[in-house]
Every structure is written in structure tokens, then in C-alpha cells.
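Enquirer: The following block contains the structure, expressed as C-alpha cells.
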Amino acid sequence: MEKDMLYYVQICGSVMQANLKRRKDLTAELRRRYKQSGRKKLCIIASGSSLNAALAAENFMNCYTENRVKILSPSDYMDYHREAAADSFVVVISQSGCSTNIIEAVKVLEADKIPSVALTGNQEGNLKDYAVPLIEYGVGNETIDYVTLGYVTLIEYLLLFVMESGLESGYISDEEYMDLVKEMEVCCHSNMKMYREAEIFTKQYYRELMQMEKTIIVSDGANMGTAREAALKFQETLKIPTVYYESEEYIHGPNMQLTPDYAVFFIDTNPRHNRMGEVFEATAIVTEHAYMITNKKAEKKSNILCVENTVRNELTPLFTVVLFQYIAAVITKEKNNFKCHPLFGEFEKKIHCKTSDYDAVMNEKIRKSKEVEK
């Protein structure tokens, strides 16, 4: 199979499963450096899909660590909350290793003598030229610009880091730890099942998905990070306006823009009540393009993707993003829509989010990947 976006979406579940099995070795270096720092508080600095992954992991991390985790974008950290990292162990994240804003944040951290570690999917990126230690977090060699495998493996890595650290410190009991491991195994299988559900759904709604022009993603809890990532994927690949809202915020104004032309996706993994299901049904009165992703027992309908399980809400981002990644991969390819507007080239000349040799770094990564395959 060609190593395109769809390939990486398809292998997410199996890569997560492999990483779960080697969780102690995978997280050992970060745990060692965290313990060595002598700091209890954690601060994560990331942008794009990496920031979304950290936000998706945030609820779990705050449940199973002694101190609340701070999650900031590089600009938020450098320009407005520089003090936030002062007493923390800082983890910066750049999958490409070439993000200019992360490199600038690393420079500031170094100047302030704040211990930090970088998680990356490319140890040969430009981050290697700075003092920050690099740790490959289990994504392997994802060689495309649109992060998919890197998103879910990063969520999983952050969860595993907290689990292993909590077990080591005694904050998480042996029994609770084993319960979490079992639930994460369920999530790996649910990711694979959701991929199959996404295949069926996309075939069923192919024409509607090809014609989508404006989209809303609605969620709550841990899946606000998922909704944010889903919106990003639709914007950068399908290139359609997409916004995301927490479910109650959605019905306090944003719902007033609804017309039959809107596509609205709901992510409901909240075990406490069925409020979002009611909002979903109300939305379907206005637009036929209302869809639901859930792990709760649901009525069998083609517009409801259900992978039923009872894992805690904080773990569900490991499989709820699959549909959005699948749609982005398939529909963008069908529409041959990866190219941006011609004027975007002028935009990139003016503003850079990657280092100047980013293309060369990625080409080298692809070359090494092909060598390994041989």
C-alpha cells in the first residue's frame, strides 16, 4: 500500500498496540529525565496537531498525576505566560523537528535555564542543533505533512508516560494501573474497528462528503482536543471552513447559523447522560447532514458510527479521531485537493512555520524510510 495519508490512518491501531506492549521502554527516557529534573509540575509546549494531541491527553494527565499539567502554544508561552514554565519540567513537541516556533521556545527555555525535553518524530530535524534532548515518541517514520499516525501515538505516549510515572511513584496503584492497560488495549482495537466503520460510512455518504462546504464539530470532555484536530484536518486538506464547539456552547448561539447546507459531526463519549444525543437529534431537524460518533449503545443508523465499549472518557480520543482522518485522506485525494490556492505561495514566502531546509529534511527522511524497506 502506498505510504500516503490513508496508509498511516490504517496502521494507527496496530502501531498503538505495539507501543502499548513496549510502554516501559518507550517512556523510560522521558521518565528518567523528569525524575532527574527534581520538578513535579509538567508544562507541555506544542502547536498544530501536537498541541491538539496534548489537549486530548490533558484530562487523563490531570486525573493521574499529582500536579495539574499546563499546556501552551509557543507564542502563548513566550509572549504571555513565560512564568508558567518557571517551576515546571517542560516537554516541547515537534513531530517534524523543524517547527520554527518550537525552536524559538527552546531558545527561551535555554536562556531561562529551564530543563526541557523535545518529543519528535524526526531526530534529524533542526531541533537536533539545540541543547534540548530529543526523544522519538513511537510514531516511527511518518513521511507526510498531514499528521495522522503522529497524532494518536502522541496522545498514547503522553498517557503511558503518566501511567508509568504514577505507578513508579505510587500515585497509581497496581490494580488501577492494570485496569488502565486493559482499557487502552480496548482503545487500540476500537481504533481498528472505527477505521472499518469509517470505510463503510464514507462509501455510504460519499456524495454528501464530496459536497461539504461548511462544517461544525461538536464535542465535550477529552474529545474537545479531537474536535479541534478534526477541524484542523478538514481545513488543511478539504480546505473548507470548519469550527468546533463544546456541546452546550454550540446551542448557545453558534447553532443559529444552521441551514440544511451544514454538515455537523458530534462526538459523544459522555457516560453521564444523553444530552448530546438530544442536541444531535435537534440538529438533524435542520440538516440531513448530521452525524454521530460514539462508544455508547446507540440505535443502528447509517449516520451513527458506534464502536461500543465502556472505557473511561479520558481514553476515548485514541479512537474517536479516526473518521475525520479517514474522510480527510479519502475525499481530499478523490478531489485532488492537496494543492493550495496559487496565492498561498506568496503567503509562504512572507511567513515561515518550518525551517528553510524543511523540504530537504523530509526528503532525507523519505529516502531513509525506503532504504529500511529494502
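Enquirer: Condition first: surrounded by 15 or more Cβ atoms within 10 Å (Cβ to Cβ) and among the hydrophobic types (A, V, I, L, M, F, W, C). Now tell me which residues in region 164-180 satisfy that.
Expert: Of everything in region 164-180, those that are surrounded by 15 or more Cβ atoms within 10 Å (Cβ to Cβ) and among the hydrophobic types (A, V, I, L, M, F, W, C) turn out to be LEU167, ILE172, LEU180.
Enquirer: Another question about this same structure. Part of a helix (DSSP H, G or I) and either touching a residue at least 40 places away in the same chain (Cβ under 8 Å) or in contact with a helix residue (DSSP H, G or I) (Cβ under 6 Å, 6 or more places away or on another chain) (or both) - does that describe any residue in region 212-219? If you could, list the steps in order and put the result at the bottom.
Expert: Just the residues of region 212-219 that are part of a helix (DSSP H, G or I), to begin with: none.
Within region 212-219, none of the residues are part of a helix (DSSP H, G or I) and either touching a residue at least 40 places away in the same chain (Cβ under 8 Å) or in contact with a helix residue (DSSP H, G or I) (Cβ under 6 Å, 6 or more places away or on another chain) (or both).
Enquirer: Tell me the helices (runs of 4 or more DSSP H) entirely within region 253-354 that contain at least 1 residues that are within 19 Å of the chain's Cα centre (by Cα). First the steps, then the outcome.
Expert: Values: elements: 275-286, 317-320, 322-335, 344-350.
Fully inside region 253-354 and qualifying: 317-320, 322-335.
Enquirer: Could you give every pair whose Cβ atoms fall below 8 Å, whose first residue belongs to region 171-184 and is closer than 16 Å to THR65 by Cβ, and whose second residue is exposed (fewer than 14 other Cβ atoms within 10 Å of the Cβ), counting only separations of at least 6 or pairs across chains?
Expert: Listed pairs, sorted by first residue: TYR171/GLU66.
Enquirer: To continue, here is another question. So, in region 189-211, how many residues would count as being farther than 28 Å from LEU315 by Cβ and outside any helix (DSSP H, G or I)?
Expert: First, pick out the residues of region 189-211 that are farther than 28 Å from LEU315 by Cβ: 203, 206-208, 210-211.
Pick out the ones that are also outside any helix (DSSP H, G or I) and you get 211.
Count: 1.
Enquirer: Checking the conditions here, which among GLU249, GLU199 is in contact (Cβ under 8 Å) with a residue 24 or more places away in the chain and either buried (at least 20 other Cβ atoms within 10 Å of the Cβ) or not β-branched (Val, Ile, Thr) (or both)?
Expert: Numbers: GLU249 fails: in contact (Cβ under 8 Å) with a residue 24 or more places away in the chain.
Residue meeting the stated conditions: GLU199.
Enquirer: Suppose we filter region 144-163 for residues that are in a loop (DSSP other than H, G, I, E, B) and either surrounded by fewer than 24 Cβ atoms within 10 Å (Cβ to Cβ) or in contact with a Gly (Cβ under 6 Å, 6 or more places away or on another chain) (or both); how many remain? Give the steps one after another, and end with the answer.
Expert: Step one: filter region 144-163 for residues in a loop (DSSP other than H, G, I, E, B), giving 144-148.
Next, only the ones that are either surrounded by fewer than 24 Cβ atoms within 10 Å (Cβ to Cβ) or in contact with a Gly (Cβ under 6 Å, 6 or more places away or on another chain) (or both) stay: 144-146.
Here the count works out to 3.
Enquirer: Within region 248-270, can one find any residue that is under 30 Å from PHE344 (Cβ atoms), in contact with a strand residue (DSSP E or B) (Cβ under 6 Å, 6 or more places away or on another chain) and of a type in the set (S, T, N, Q)?
Expert: The answer is no, given that none of the residues of region 248-270 is under 30 Å from PHE344 (Cβ atoms), in contact with a strand residue (DSSP E or B) (Cβ under 6 Å, 6 or more places away or on another chain) and of a type in the set (S, T, N, Q).
Enquirer: Oh, and also: Within region 73-94, track down each residue that is touching a strand residue (DSSP E or B) at 6+ places or on another chain (Cβ under 7 Å) and closer than 28 Å to GLY170 by Cα. So that I can check it myself, show each step before the final result.
Expert: Residues of region 73-94 touching a strand residue (DSSP E or B) at 6+ places or on another chain (Cβ under 7 Å): 74, 77, 81, 84-85, 87-94.
Selection gives ALA84, ALA85, ASP87, SER88, PHE89, VAL90, VAL91, VAL92, ILE93.
Enquirer: Okay, moving on. Between residues in region 70-89 that are over 12 Å from LYS41 (Cβ atoms) and residues that are surrounded by fewer than 20 Cβ atoms within 10 Å (Cβ to Cβ) and among the aromatic types (Phe, Trp, Tyr), which pairs lie under 9 Å by C-beta distance while being six or more apart or on different chains?
Expert: Final answer for the pair search is LEU72/TYR80.
Enquirer: Inside region 155-172, can you point out the residues that are more than 23 Å from the chain's Cα centre (by Cα) and of a type in the set (Val, Ile, Thr)?
Expert: The first filter runs over region 155-172 and keeps only residues more than 23 Å from the chain's Cα centre (by Cα), leaving 167-172.
Scanning region 155-172 gives a single hit, ILE172.
Enquirer: Hey, could you check region 110-139 for residues that are of a type in the set (Val, Ile, Thr) and in a loop (DSSP other than H, G, I, E, B) and say which is nearest to ALA84 (Cα to Cα)?
Expert: So the first thing to find is which residues in region 110-139 are of a type in the set (Val, Ile, Thr), and the list is 114, 117, 120, 132, 135, 139.
Now restrict to residues that are in a loop (DSSP other than H, G, I, E, B): 114, 132, 139.
On the way: ILE114: 11, VAL132: 19, VAL139: 28 Å.
For region 110-139, the residue satisfying everything is ILE114.
Enquirer: Which members of region 50-103 meet the condition of being basic (Lys, Arg) and in a helix (DSSP H, G or I)? Spell out the reasoning first.
Expert: At the first step, the residues of region 50-103 found to be basic (Lys, Arg) are 68, 70, 82.
Result: ARG82, single match.
Enquirer: I would also like to ask the following. In region 11-47, what residues are of a type in the set (Gly, Ala, Ser), modelled with pLDDT under 95 and assigned to a helix (DSSP H, G or I)?
Expert: Selection gives SER37 alone.
The values are calculated or read from the model by the stated rules, or taken from the named source; none is laboratory data. If you're wondering where the values come from, they're calculated on a predicted model, not measured in any experiment. Note: ideal-geometry Cβ built from the backbone for every residue, glycine included; neighbour counts use all protein chains shown.
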